[in-house]
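Below is one structure, written out as structure tokens, with a few remarks after it.
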Amino acid sequence: MSVDELRNDVARKQKKGLPFISASCIIWLLILIVCSTGLPVQLQNMLVLCCSCPLMPLAWGIGKLMDVDVFDKSNELGKAGFLFTLNQLLYLLIVMWVFSAVPEKMVMVYAMVFGAHLLPYSWLYQSATHRVAAILIPLVSLAVGCLFTSRTVAAVMLAIEVVYTVLLYMEEKKQRESVGNA
């Protein structure tokens, strides 16, 4: 199989990562709830970091509902997708530094890291939606985070994630239909 054939295969089998992007809507809803509590910022930030913990089980469950095996190993490029996810863990070191150095901006930086880590998926899934989101999310997060509170950043991120999910679904559906017509 050529690289493009492998990319098409992984995009089809993983539905362009839709289970993870759908799960991120729930994660950003949880973050919005935490940022709306009025708790001290350090405690809020700790809880925000904890909000990402259910991502894998949520994505797995959503994947089951969508008939996607998020742990499928039949395509070698699936391992690349996992590697692309691991780069976000390295970027979380920056978020941890912001946690102590500028705690009121941690959610903004967290959102920027989340968005930026999506760029390799635009290549893997041949996805314009991922590419636009990977560029738009960090820029919007920076602008909103510099002007408004963490709660506003979380609300904007939730809205972006919902739109992102819908657009990605439409992109994936179009790909599925074009394969079916071929």
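Would you work out if the chain is rounded, prolate or oblate? Take a ≥ b ≥ c from the square roots of the eigenvalues of the alpha-carbon gyration tensor; rounded if a/c is under 1.5, else prolate when a/b is larger than b/c, oblate otherwise. In terms of gyration-tensor shape, prolate. Residue separation of Glu5 and Val163 scaled by 0.36 nm, minus their Cα-Cα distance, works out to 54.0 nm of gained length.
Across segment 3-176, the mean sequence separation of Cα contacts (distance under 8 Å, 6 or more residues apart), normalised by length, yields a relative contact order of 31 percent. Remark: C-alpha extents of segment 134-182 on the principal axes read 49, 17, 7 Å, sorted largest to smallest.
Every pair of different Cα atoms in segment 18-62 enters the Kirkwood calculation, which places the hydrodynamic radius at 10.7 Å. For Val102 and Arg176, a Förster radius of 35 Å and the Cβ-Cβ distance give a FRET efficiency of 0.20, rounded to the nearest 0.05. For segment 58-103, the list of chymotrypsin sites (Phe, Trp or Tyr not before Pro) that fall in a loop by DSSP and count at most 12 other C-beta atoms within 10 angstrom reads Phe71. As an equivalent ellipsoid, segment 56-101 spans semi-axes of 28, 15, 5 angstrom, where each value is the square root of five times an eigenvalue of the C-alpha gyration tensor, largest first. From helices alone, the chain scores -26500 deg cm²/dmol at 222 nm; the rule is -39500 (n - 2.57) for each run of n ≥ 4 DSSP H residues, then divide by the residue total. Let me test this: with uniform point scatterers at the alpha carbons of segment 22-106, what is the Debye-based log₁₀ I(q)/I(0) at q = 0.16, 0.24 1/Å? Normalising to I(0) and taking log10 leaves -0.75, -1.19.
Quick note: the coordinates plus some simple rules give every number you see, no bench work behind them. Only a predicted model underlies this, so the values are computations on that prediction, with no experimental measurement involved. When we count neighbours, we look across all protein chains shown, and the Cβ atoms used for this are built from the backbone with ideal geometry, even at glycine.
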